[in-house]
Amino acid sequence: MERDIKKLVSEMTLEEKAGMCSGEDFWHLKKVERLGIPSVMVSDGPHGLRKQPEEADHLGIGASIVAVCFPAACATASSFDTELMNEMGKTLGEECQAENLSVLLGPAVNIKRSPLCGRNFEYLSEDPYLAGKMAAAYIRGVQSKDVGTSMKHYAANNQEYRRMSCSSNLSERTFREIYLAAFETAVKEAQPKTIMCSYNKINGTYASENHHLLTEILRDEWGFEGYVMTDWGAVADRVKGIAAGLDLEMPGSGGFNDAKIVAAVKDGSLDEKLLDEAVENILKVVFSYADNRHPDAVFDRDADHEKAVKIETECAVLLENNGLLPLKADAKVAYIGEYAAKPRYQGGGSSHINASKVTSALESAEAKGRAVTYVKGFPADKDEEDEKELAAAVQAAKEADAAVIFAGLPDIIESEGYDRKDMKLPACQNKLIEAVVKVQPNTVVVLHNGSPVETPWADRVAAVLEMYLGGQGVGEATDLLLYGEVNPSGRLAETFPLHLEDNPSYLNFPGDGTNVDYAEGVYVGYRYYDTKKMPVRWAFGHGLSYTTYAYGNLKMPAEALGDEGCVKVTVDVTNTGSLAGKEVVQLYVSDKNGTAGRPAKELKGFAKVALAPGETKTVEFTLTARDLSFYHEGLGDWYAPSGSYEILVGHASDEIALTGELSFETKKMLPLYVSGATTLGELLAHPVTAPVVGQMMQQMQGGMMGAMQGEDTAEALGTGAEMMEAMMMGMPLKSLASFAGPEAAAQIEQMMGSLNQMLGNQ
Ligand code: BGC
C-alpha cells in the first residue's frame, strides 16, 4: 500500500508532530490512534536481539528475551565475507519480524582508532573501506526482511571515556577519509532505514545538533532517506536538533523536549516545515515496517544457533601455526584455562544478549570423544594467580601431546561505557602460558577478546588462534577449526601492534575529557604502521590457512582511468595445497605521485574465494577515481592527481604477491590563490597558470632570473643544475620579486593580479 505520508503529517496537530519526534518509552515510538499511526518497537543489536519485555535499560543490565548471540563485529569483520554478513543480516531480520521489532540497532561502524576503546568488540575495523562494505552487506540482509537498521554511532565516537560530552577534534579530511567513509559507503550502497547519531561533539558541536553532519553530508551529499535517531540520551538542545536534521529523540524525555519544539514553532524560532520533514522521515520508516509485516516469520533459536557456529568458523583468524594445527584426531591434548569450559563470547553493555545456549570447546571435544583433559589453570573472570592450578596445568601439558591454552580478556576489562587501561592479557594468563611453553613445545593459544592484546610469548608458542568474541557457538567453532574439520579463513580487520605505545593515537587517547585531538590524522592502523615501516605483531589482513595459495596473472587495464567510469583489474588465485580453503584476496592502492600526506597504501578491494585443492579462480576488481582519491579540503571534494598509482594485490597488507601500475587522468582543477607565498613550482604545476608563468620565465631570461637559472650560477653556488631547479621551483613569488630587480618585480606583481583573475579568484 502506497501511503501519502505528507497528507498524514498535514492532519497531525503541532503537539502530535512534536510528540512523534521522541520515544514513548525506552524502546517504542509513539502511536497516534486517531490517524492509525501504530507504536513500533526498536531494539539492540547489532549481533542478536536484546528485546526487553519489561524493565528497560541501555546498559545490558535488565533482562531481555532469550535470543541467539552471533559473533560480535570484531569477529564478523574478520570474515572479510560480505555474503556471510548478508546472510547473518537476513537471519537477524527474520528474527526481528518474528519478535515484532521495526528496527534493529546496528551495525556499529565506528573506526578502531585505538585498541583501548572499550567498545571495539562491537566495531568492525580500523579500515573504513572494509567497515563500509561489511556494514552495507549486513544492512541489506536485515532490510531484505522489511526491518530497519540503525547504523551507529554517527560519528567520530571512537572511545568510551566521556563519550557523552567529549569533543572529537579532527580535520575535515581525516573525518571524510577515515571516520565518515564507512557510513558513506553503507548509506550509498544499502540505504539504512535509520542512523543513530552519537553522543559526542565533533569539533565542538554535538552530533545531535550538527547540521553539517546530519543534513549537509548525510542527506544532501549522500542522499540518506531514512530518519536519524539519537543515541540513548544524546540530545543536548532539542530545537537545534530539529533544525540540524535530527528526527527522533530516544528514549524521549517524557514530553519535556516535545514542549520545547512546540514553543519554538509557536514563537517562530523553528520553522514548522523542518518539524514536518522530521515527522515524515520517521513515519516513512514506521510504515515501511508496519505495512510489510511477515506473519509467518519464526525465530528458530536452534537453527540460528547452528548458523552462529557456522559464521564463527569463517571469522576466526589463525595468527600463527608452525604446523601443529590442525590437531590429529587421536592426539592427547590438555585444554587449559577456564575459557575452555566457559568461553567469553560477547562483550558487555547494550549489545549483551541473553543467549539461548552457549557451547564450550571442552563440551564439544567431549561430545566428539576427543582425547582431551581439562585443567582450569586460571579463572575466566579475573586476574588471579593460583599456584596449584598453575602446577596442575604444567603437569597436564607435560603429559599430553599438545596443550591448548584458552586465554582472553575477562568481561570486566572490556565493555561499553569505559576503555581498557592497557593492551595486556591478565598477568596470570601470561605467566601460565610461559610456564606451559617451557615444558610443552606443542602449545596452542586460543584467544577470546574483542580487541588486540599484547602477546609477549607469540614467538614461543606453536600456534595462535584468534576466536574474538565469537558468539554462542564459539566452542563448537573452535573445535572444528582446531581439529581441521573447517579450514580457517578469517583475516585481521585490525593491526595487532607489538606494544600499545606503537599505536598512532597513543599520545592523544583518550584526551582530557573535554577534547580529544585526532592528531594522527588519516594515519590510523596499518596506514600508520605501513607508512612508518614499523614492525607489528600481526598486520592488517593477516590470517593463515591449513592450505597454501599462489597468485598469478595480474592483469591491469591498458587505458588510463579518468574521473568518470571505471577499470577492471583481474588476478588468478590458486589453492596450491591439499585441503579445500578460502582465500581473502586483497587489493591496495598506493599514490606514486609524491602527493603530500598519503598513507603508503590503502585497501580498495577484497574478495573471499573458495578453492578446492589445485583449483584456480580469477578474481575481478573494479576501480574508480574515488579509489585513488583523498579528500581535498580546498576543493571540498575527492581528488587524485593525474599520474601513476600502484595496485598491490595479495594475501595480507604485509604479504603483497603482485603489483601493477595504473595511470590516471583528472580534469578536476585544484583551487589556487596566487599570493607572495605561491611558488613557481605550484604555478608551473597548475594547468591555468603554467603557460603564463612559463612564458614570463622565458622573457626574464636576461635578468636575474636568467642568472639564477644559468649553469654558471649553479657552479658558483656549488650546486648542480638539479638542485638549482629545485630551489627555483620552491621559490615564492615574493622572494623572486626581490631577487629579480625592480622592473621584473613590477611585472611579477602585475602577473599575480592577472593570474588570480584567470583563476576566477576575487
Ligand atoms: C548505546 C547504543 C545502544 C543504545 C540503546 C547506548 O548506550 O551507545 O549503541 O543502541 O544505548 O541500548
Members of segment 21-48 that are more than 16 Å from the ligand (Cβ to nearest atom) and out of contact with any strand residue (DSSP E or B) (no Cβ under 7 Å at 6 or more places or on another chain): Lys30, Val32, Glu33, Arg34, Leu35, Gly36, Ile37, Pro38
Selection from segment 91-111 of residues that are open to solvent by less than 10 Å² (accessible area, probe 1.4 Å), outside any helix (DSSP H, G or I) and away from the ligand (no atom under 12 Å from the Cβ): Leu101, Ser102, Ile111
Inter-residue pairs, beta-carbon under 6 Å, first under 24 Å from Ser198 (Cβ atoms) and in segment 93-108, second in a helix (DSSP H, G or I) and within 10 Å of the ligand (Cβ to nearest atom), 6+ apart: Ala108/Glu122
Condition met for Tyr588 (open to solvent by 40 Å² or more (accessible area, probe 1.4 Å), in a strand (DSSP E or B) and touching a strand residue (DSSP E or B) at 6+ places or on another chain (Cβ under 6 Å)): no
Residues located in segment 672-685, provided they are assigned to a loop (DSSP other than H, G, I, E, B) and either open to solvent by 30 Å² or more (accessible area, probe 1.4 Å) or within 30 Å of Phe496 (Cβ to Cβ) (or both): Tyr673, Ser675, Ala677
Some residue of segment 59-68 being away from the ligand (no atom under 16 Å from the Cβ) and in contact (Cβ under 8 Å) with a residue 12 or more places away in the chain: yes
Considering residues of segment 234-260 that are without any contact (Cβ under 8 Å) to a residue 60 or more places away in the chain and more than 33 Å from the chain's Cα centre (by Cα) only, the residue surrounded by the most Cβ atoms within 10 Å (Cβ to Cβ): Lys260
Hits in segment 293-335 (condition: out of contact with any helix residue (DSSP H, G or I) (no Cβ under 7 Å at 6 or more places or on another chain) and small (Gly, Ala, Ser)): Ala303, Ala308, Gly323, Ala329, Ala331
Inter-residue pairs, beta-carbon under 7 Å, first at negative phi and assigned to a strand (DSSP E or B) and in segment 341-354, second within 12 Å of the ligand (Cβ to nearest atom) and acidic (Asp, Glu), 6+ apart: Gly348/Glu416
Single unsatisfied condition, Ala550 versus (1) in a loop (DSSP other than H, G, I, E, B); (2) over 22 Å from Phe496 (Cα atoms); (3) open to solvent by 30 Å² or more (accessible area, probe 1.4 Å): (1)
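Rundown of residues vs (1) surrounded by fewer than 20 Cβ atoms within 10 Å (Cβ to Cβ); (2) within 16 Å of the ligand (Cβ to nearest atom); (3) under 24 Å from the mean Cα position of the chain (by Cα), yes/no style:
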residue	(1), (2), (3)
Glu384	yes, no, no
Lys398	yes, no, no
Ala402	no, no, no
Ile405	no, no, no
Met423	no, no, yes
Val439	yes, no, no
Val446	no, no, no
Asn449	no, no, yes
Residues of segment 332-378 that turn out to be of a type in the set (A, V, I, L, M), buried (at least 24 other Cβ atoms within 10 Å of the Cβ) and more than 17 Å from Ile405 (Cα to Cα), as a count: 1
Any hit, segment 261-283, residues being small (Gly, Ala, Ser) and either open to solvent by 70 Å² or more (accessible area, probe 1.4 Å) or modelled with pLDDT under 95 (or both): yes
Selected residue (only one of Ala316, Ala297, Ala308 is among the small types (Gly, Ala, Ser), touching a strand residue (DSSP E or B) at 6+ places or on another chain (Cβ under 8 Å) and surrounded by 17 or more Cβ atoms within 10 Å (Cβ to Cβ)): Ala316
Identity of the residue in segment 119-178, small (Gly, Ala, Ser), at negative phi and within 12 Å of the chain's Cα centre (by Cα), that ends up surrounded by the fewest Cβ atoms within 10 Å (Cβ to Cβ): Gly132
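Every residue, every condition in (1) surrounded by fewer than 20 Cβ atoms within 10 Å (Cβ to Cβ); (2) over 25 Å from Arg598 (Cβ atoms); (3) in contact (Cβ under 8 Å) with a residue 24 or more places away in the chain; (4) not aromatic (Phe, Trp, Tyr), yes or no:
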residue	(1), (2), (3), (4)
Thr455	no, yes, yes, yes
Ala463	no, yes, yes, yes
Gly475	no, yes, yes, yes
Gly490	no, yes, yes, yes
Leu498	yes, no, yes, yes
Pro504	no, no, yes, yes
Asn515	yes, yes, yes, yes
Residue check, Ser288 touching a Gly at 6+ places or on another chain (Cβ under 8 Å) and at pLDDT 95 or above: yes
Residue ranges of strands (runs of 3 or more DSSP E) in segment 616-671 with at least 2 members open to solvent by 50 Å² or more (accessible area, probe 1.4 Å): 616-624, 655-664
Test: residue in segment 39-54 that is modelled with pLDDT of 95 or more, open to solvent by 10 Å² or more (accessible area, probe 1.4 Å) and polar (S, T, N, Q): yes
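Okay, residues lined up against (1) among the hydrophobic types (A, V, I, L, M, F, W, C); (2) closer than 23 Å to Ala131 by Cα:
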{"position": "Gly471", "(1), (2)": "no, yes"}
{"position": "Gly484", "(1), (2)": "no, no"}
{"position": "Ala493", "(1), (2)": "yes, yes"}
{"position": "Gly521", "(1), (2)": "no, yes"}
Residue ranges of helices (runs of 4 or more DSSP H) in segment 359-467 with at least 1 members more than 28 Å from Lys307 (Cα to Cα) and of a type outside the set (Lys, Arg): 387-399, 427-439
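The values are calculated or read from the model by the stated rules, or taken from the named source; none is laboratory data. Predicted, not measured: the structure shown is a model, and the values here were computed from it. So basically every Cβ, Gly included, is an ideal-geometry build from the backbone, and we count neighbours across all protein chains shown. When the accessible area is computed, the model is the full protein with side chains, heavy atoms only, and any ligands, DNA or RNA have been set aside. Shrake-Rupley method; radii C 1.70, N 1.55, O 1.52, S 1.80 Å.
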